[in-house]
Amino acid sequence: MRLILEKRPERSRWMPFLSPLLAIGLTLVVGGILFAARGLDPLHALYVYFVEPVTTWWSIEELIVKTAPLVLIGVGLAICFKANIWNIGAEGQLTAGAIAGAAIPILLPGWESPMVLPLMILCGIAGGIAWAAIPAFFRHRFGASEILTSLMLVYVALYLLDWLVRGPWRDPHGYNFPHSVSFESWQLLPTLGDGRVHAGALIALLVVFTLFIMMSKTLKGFEIRISGEAPKASGFGGFSRPRTLWFCFILAGGLAGLAGICEVAGPIGQLQPSISPGYGFTAIIVAFLGRLNPVGVLLAGIALGISYLGGEAAQIELTGVSDKTARVFQGMLLFFILACDTLILYRLRWIGTGLATTTPKRGQA
Amino acid sequence: MISDDSDSQASNSTPKPSPEPGLESAPPAADGEAPPDYLLEANGITKTFGDFTANDDVSLRLRKGEIHALLGENGAGKSTLVKIIYGSLQPDAGSLHWRGKQVRVPSPAVARDLGIGMVFQHFSLFDALTVVENIALVMTGRFDPESLSGRIEQVSAQYGLSLDPFARVADLSVGERQRIEIVRCLLQSPSLLIMDEPTSVLTPQEADRLFITLRQLAAGGCAVLYISHRLEEVKALCHRATVLRHGQVVAQVDARRETAASLARLMVGSDVHRITGGTGSPLEETMIAVRDLDLPANGPFGISLHRISLAVRAGEVVAIAGVAGNGQSELFEALSGERLVKHNEAIALAGTDCGIDGISARRRLGAAFVPEERLGHSAAPTFTLAENMLLTRHGCDSEMVARGGFVDQRYAQRISERVMQRFDVRSGGHLNPPAGALSGGNLQKFVIGRELDRQPKAIVINQPTWGVDAGAAALIRQALIDMARAGAAVLAISQDLDEIFAIADKVAVISRGELSALLPIGDVDRERIGLLMAGEHETRPFDAPGTIDKTNDVNDMKKGSERDAAHP
């Protein structure tokens with residue numbers, strides 16, 4: 001008996017939906033084994049990690065706070081990936097957006113006006129777009145791989161932020177701690193109720209809805225889908241590939257920048273050396289887990305949000321579990337989702353030993 | 001078993017497989033003599049996809065050294081049957097015997113180990129790699145391009161398939177790519193070679209050369225399973241023929257004793273439509289005009305276009321003949337606007353200069369285009385027919401896209417269904433299947449119907465019936481003629497001389513990026529076209545890119561015309 005992978009006669013109808021569930025299941029099983037190897041009760045550990053975070057209102061609010069940036073970035077990336085454009089530098093675009101948006105409260109601390117917050121948001125979007133425009137330009141003009149350029153620019157943005165908060169933008173009254181001034185009330189996003197959930201979550205929902213309509217109903221969505229799937233046919237249809245390239249980078253960069261400014265003008269409230277626990281990279285997993293579909297991205301964002309919360313909870317409640325556990329789970333999830341996607345076009349089958357004798361060995365003929 | 005065992009095969013219906021295959025490799029004699037040793041036997045093969053039965057109790061027997069035709073219209077089940085033999089599909093019922101022993105072929109790798117090679121109609125080559133690298137990828141053993149290139153040169157010389165092992169695939173023509181696939185199979189010294197519509201991309205001369213290769217192989221004992229719609233060549237080349245219709249074997253005949261018409265009747269189940277049209281009387285207005293068009297080569301092995309001039313008037317069909325890879329795709333892209341040209345006045349469609357305008361602007365002038373490659377260029381395979389309708393109509397049909405960029409999906413679906421009905425596009429009952437699910441002929445009818453449905457003033461079409469069955473080809477050719485008679489200008493780029501003589505009013509020949517003068521079809525014969533294909537009209541010196549071996553082509557051309565004269 002041996003197991004073989006054989007091509008399906010046609011694309012599976014169910015696997016695109018089953019694959020994410022299967023991947024989540026496999027991640028939990030392997031995660032449980034890892035916990036058991038650390039000497040923990042796997043069921044209890046998984047409960048603490050994945051169930052407890054959604055049992056109290058407090059933690060559900062926290063989940064929404066974590067999910068909003070993941071979804072905002074994830075939908076932008078999903079559209080890039082759909083068009084076969086591999087922007088993996090969303091973390092850098094998020095950072096650039098946060099820096100650009102935070103420039104207003106830091107450089108003009110005394111300017112109190114209802115214009116401040118909208119302007120901060122616009123600057124945040126513009127910052128993300130500017131950062132995303134660099135790989136788009138290099139791709140368009142020189143054919144440079146956007147995978148490399150966008151990824152490398154992440155580190156440039158992170159060091160730029162680090163230098164700013166330790167140098168010119170450091171809070172003069174902050175006892176030399178590396179962070180900017182704390183933003184004032186008019187420089188912060190309004191919160192919903194009295195909790196930590198801020199307007200960014202509503203913006204994310206609105207963006208998901210808009211992009212879902214765009215992708216499924218409009219000519220622009222068609223252009224993006226066909227440009228990734230069949231570039232030559234797309235050119236024959238009269239769509240320009242550079243235009244799609246720029247559109248996708250600007251959209252994803254703008255959304256990542258928006259997520260960045262929403263973080264610093266929301267739950268963080270100032271610039272500091274680290275403003276994101278890797279949202280820009282995790283959003284890549286969100287995009288794939290969400291089947292590159294805006295609504296799917298929303299659900300996947302919630303799933304990955306739980307992995308962040310669970311990571312924090314597990315550190316506190318379980319002994320010997322590091323804060324890197326969340327990354328391990330996220331990595332496993334991406335690994336399994338890509339592996340399970342093979343089953344959309346292929347299927348597994350056992351080959352019995354009975355017929356194996358009639359199968360010729362290599363070189364016999 | 002076979003539905004027509006009462007046919008000439010009756011006496012052979014109980015095969016006696018012997019463990020030692022016979023040594024005589026000459027083409028088999030007429031049927032009904034001593035029971036032959038079958039190389040391959042397929043018995044009662046049945047395969048269903050959902051509720052569609054692609055193969056229904058199909059049986060097929062091949063002898064050593066036999067060239068066996070597998071005939072049938074698109075969708076008759078030919079591809080399914082050969083995919084089962086080649087191991088890329090598994091049958092639901094039935095068995096395969098190889099050299100008398102029952103075998104299971106779970107994968108193409110196993111088929112290759114058995115000694116079965118296949119040349120697909122759609123090639124599986126990596127564009128970015130060279131010929132030798134592509135071949136090395138499927139060879140077992142050490143990766144050794146050096147010695148492999150020597151073997152490639154040896155095999156290609158032996159079988160007259162000229163091929164540069166270090167050329168990059170992206171820069172090769174369809175005809176040259178096919179040679180890679182054939183050489184790739186031959187390097188593994190197969191006992192059975194399956195060819196899926198091999199001549200659909202070749203000129204008569206190239207096809208003749210291929211036939212010599214195939215006869216040489218058969219004489220050496222290799223069996224050839226030859227899938228084709230071209231009945232004349234089946235008659236000329238093949239020993240026996242198995243005819244499929246609607247997934248069933250309807251006849252197994254001695255191909256040499258049939259006529260093209262009798263084969264066509266078996267295949268279609270009724271008489272094939274004959275094209276009618278007569279000569280056109282063109283109107284005054286020039287609809288497609290090319291003036292001194294120069295276009296630099298795209299890539300190191302691309303063809304540059306040099307001083308191309310051409311005028312197609314409303315009401316006439318003009319054909320451009322030529323060997324694959326002589327600038328046809330470049331000319332098509334320049335005409336369609338997928339590649340823009342430097343001088344706006346170099347190209348005019350419907351009386352308006354448009355050399356620097358994109359394809360959508362040219363469509364709005366009333367022009368329509370159908371490229372050579374169906375999957376991936378004319379149509380996106382995973383997109384539905386209605387979405388593919390949107391692909392070429394969004395810019396020129398104001399009802400397709402409403403204000404705000406919203407697509408009217410119901411309208412697109414309605415037009416798509418209208419085209420399917422008008423052009424007899426068969427999709428197994430699905431109203432809106434993905435384009436990739438249609439057979440080649442049906443998809444071609446769809447992409448041509450999509451353009452004709454707009455009633456264009458001018459249509460440019462590259463290889464109108466490439467790899468399309470007789471029934472669909474007749475329908476497409478008739479539609480193009482009717483279009484011209486209704487007052488449109490039709491420019492057909494084709495390698496199929498039969499097609500050109502059937503539809504064209506005038507013909508020009510393209511060779512190494514240069515176009516001959518337009519000649520009335522009544523003034524030329526195959527030999528004249530052959531000389532032009534070999535570059536008689538060219539002005540540029542030989543060392544320009546894209547040089548082909550002219551002397552050979554001219555000689556072959558003469559042989560071809562002699563053959564035509566002998567068998568009119």
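The values are calculated or read from the model by the stated rules, or taken from the named source; none is laboratory data. Owing to the predicted nature of the structure, the values given are computational and were not obtained by experimental measurement. Don't worry about glycine lacking a Cβ; one is built from the backbone with ideal geometry, like all the others, and counts go over all protein chains shown. Accessible surface areas use protein heavy atoms only, side chains included; no ligands, DNA or RNA. Shrake-Rupley method; radii C 1.70, N 1.55, O 1.52, S 1.80 Å.
A few comments on the model shown:
- Gyration tensor verdict on segment A:28-305 (Cα atoms; rounded if a/c is under 1.5, prolate if a/b is larger than b/c, oblate otherwise): oblate
- Per residue, the accessible area of the protein assembly as shown comes to 42 Å² when a 1.4 Å probe rolls over the protein heavy atoms.
- Interface of A with B. Using a 1.4 Å probe and counting protein heavy atoms only, the two chains hide about 2800 Å² of accessible surface, both sides summed.
- Anisotropy class of segment B:375-455 from Cα gyration tensor, a/c 1.5 cut: prolate
- Scaled against 2.2 N^0.38 Å for its residue count N, the alpha carbon radius of gyration of the protein assembly as shown is 1.09.
- Extension gain (nm, one decimal) between B:Ala261 and B:Val138, 0.36 nm per residue minus Cα-Cα: 40.2 nm
- Annotation: aspartates and glutamates with alpha-carbon distance below 18 angstrom to B:Lys64 (same-chain offsets under eight excluded): B:Glu20, B:Glu24, B:Asp31, B:Glu33, B:Asp37, B:Glu41, B:Asp113, B:Asp254.
- Around the amide H of B:Arg313, modelled in the peptide plane, lie the amide H atoms of B:Met287, all under 5 Å away and 5 or more residues distant in sequence or on another chain.
- Of the chymotrypsin sites (Phe, Trp or Tyr not before Pro) found in segment B:149-222, those in coil by DSSP whose Cβ has at most 16 other Cβ atoms within 10 Å are B:Phe166.
- Residues of segment B:61-83 with amide N under 16 Å of a point placed 7 Å along Cα→Cβ from A:Glu6: B:80-83
- Between amide H atoms placed 1.01 Å from N, distances below 5 Å from B:Ala93 occur with B:Thr46, all of them 5 or more places distant or on a separate chain.
- Centroid-to-centroid, using Cα positions, segment B:333-357 and segment A:100-136 are 45 Å apart.
- Averaged over the residues of A:5-16, the number of partner chain Cβ atoms lying within 10 Å of the residue Cβ comes to 2.
- At least 50 Å² of accessible area lost relative to the chain alone, listed for segment B:104-120 with a 1.4 Å probe: B:Arg104, B:Asp113
- The three principal axes of the C-alpha atoms in segment B:360-400 carry coordinate ranges of 27, 22, 10 Å, sorted with the longest axis first.
- Computed [θ] at 222 nm, helices only, for the protein assembly as shown once each DSSP H run of length n ≥ 4 contributes -39500 (n - 2.57): -14500 deg cm²/dmol
- Reach of B:Lys342 by Cα under 20 Å, taken over aspartates and glutamates that are not fewer than 8 positions away in the same chain: B:Asp292, B:Asp294, B:Glu330, B:Glu333, B:Asp353, B:Asp357, B:Glu514
- Proximity of backbone amide H atoms, modeled 1.01 Å from N, is registered between B:Ile67 and B:Val224, B:His239, B:Arg240 at under 5 Å, excluding neighbours fewer than 5 places apart on the same chain.
- Counted without the sites themselves, the longest stretch of chain A free of GluC sites (Glu not before Pro) in a DSSP loop having at most 12 other beta carbon atoms within 10 Å is A:113-365.
- Unit charges at the beta carbon, dipole of segment A:107-225: most positive-side option, A:Phe137, A:Val197, A:Val181: A:Phe137
- Dipole size of segment B:375-455 about its Cα centre, with +1 on Lys/Arg Cβ and -1 on Asp/Glu Cβ: approximately 80 debye, rounded to the nearest 20.
- Overall form of segment B:127-178: oblate. Here a/c, set by the Cα gyration tensor axes a ≥ b ≥ c, is 1.5 or more, and a/b is not larger than b/c.
- Chain A: DSSP helices with Cα axial extent of at least 18 Å and average Kyte-Doolittle hydropathy no lower than 0.5: A:15-37, A:57-82, A:90-107, A:116-142, A:146-166, A:199-217, A:241-263, A:294-317, A:325-345
- Applying a threshold of 18 Å to the alpha-carbon distances of A:Lys82/A:Lys220; A:Lys7/A:Lys82; A:Lys7/B:Lys47; A:Lys82/A:Lys324 flags A:Lys7/A:Lys82; A:Lys82/A:Lys324 as lying beyond it.
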